[in-house]
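The values are calculated or read from the model by the stated rules, or taken from the named source; none is laboratory data. Predicted model only: the values in this text are computed from it and were never measured. Heads up, the Cβs are rebuilt from the backbone with ideal geometry, glycines too, and the neighbour counts pull from every protein chain shown. These accessible areas exclude ligands, DNA and RNA; they are computed on the full protein's heavy atoms, side chains included. Shrake-Rupley method; radii C 1.70, N 1.55, O 1.52, S 1.80 Å.
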Amino acid sequence: MSPDTRQIVLFTLDAETYGVDILRVQEIVNAGPITPVPATPKYVLGLTNIRGRTIPLIDLGQRLGIKDEKKERAQFLILNSEAGDVGLVIDAVTEVWRLDPESVSSEANSNFKTDLIDGVLDCNGRLAGILNLERVLGNVQ
């Protein structure tokens with residue numbers, strides 16, 4: 001693996017595939033109870049407890065503007081952020097993909113909400129939006 005090669009954790013959310021840098025991923029856990037928090041943005045589902053740690057959870061579908069009927073998500077993708085750990089509520093992690101920076105297109109000509117996406121990766125014919133976590137996390141941090 002060359003020094004410029006990154007590893008991206010790919011996951012699904014409805015019919016789309018997204019990715020985040022593996023260095024930001026702390027763990028993947030099965031979805032559990034969520035405690036709502038009042039006066040937060042709509043995309044902040046609330047808090048969950050993972051082995052004694054309180055983790056804020058973002059409904060990634062809501063944040064990305066994906067319309068669904070409050071579908072139950074299967075996993076929490078726990079990420080490291082500057083302000084502490086935060087979880088994305090997703091369907092499922094599918095794989096880890098190695099990529100060179102040149103393989104990511106900055107042109108998002110798909111269904112991706114482009115202000116939250118750094119680029120689009122072609123994974124053997126399947127497109128994956130690479131999330132800009134700072135923008136996705138917004139004021140949750």
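Residue count for segment 127-141, restricted to those that are modelled with pLDDT of 85 or more and either part of a strand (DSSP E or B) or within 16 Å of residue 65 (Cα to Cα) (or both): 10.
Restricting attention to segment 94-113, the residues being open to solvent by 50 Å² or more (accessible area, probe 1.4 Å) and either out of contact with any strand residue (DSSP E or B) (no Cβ under 9 Å at 6 or more places or on another chain) or modelled with pLDDT under 70 (or both) number 9. The number of residues in segment 14-48 being in contact (Cβ under 8 Å) with a residue 60 or more places away in the chain, closer than 14 Å to residue 93 by Cα and in a loop (DSSP other than H, G, I, E, B) comes to 1. Within segment 42-79, the set of residues being more than 16 Å from the chain's Cα centre (by Cα), open to solvent by less than 60 Å² (accessible area, probe 1.4 Å) and under 23 Å from residue 120 (Cα atoms) comprises just one member, 68. Taking every residue in segment 49-66 that is assigned to a helix (DSSP H, G or I) and pairing it with any residue that is polar (S, T, N, Q) and open to solvent by 10 Å² or more (accessible area, probe 1.4 Å), at least 6 positions away or on another chain, yields no pair with a Cβ-Cβ distance below 6 Å.
The set of residues in segment 17-41 being over 29 Å from residue 124 (Cα atoms) and open to solvent by 50 Å² or more (accessible area, probe 1.4 Å) consists of 33, 34, 35, 36, 37, 38, 39, 40.
Looking at segment 1-13, which of its residues are buried (at least 16 other Cβ atoms within 10 Å of the Cβ) and either part of a loop (DSSP other than H, G, I, E, B) or modelled with pLDDT of 90 or more (or both)? Within segment 1-13, 8, 9, 10, 11, 12, 13 meet the criteria. Scanning segment 82-92 for residues that are surrounded by fewer than 17 Cβ atoms within 10 Å (Cβ to Cβ) and modelled with pLDDT of 85 or more yields 84, 85, 92.
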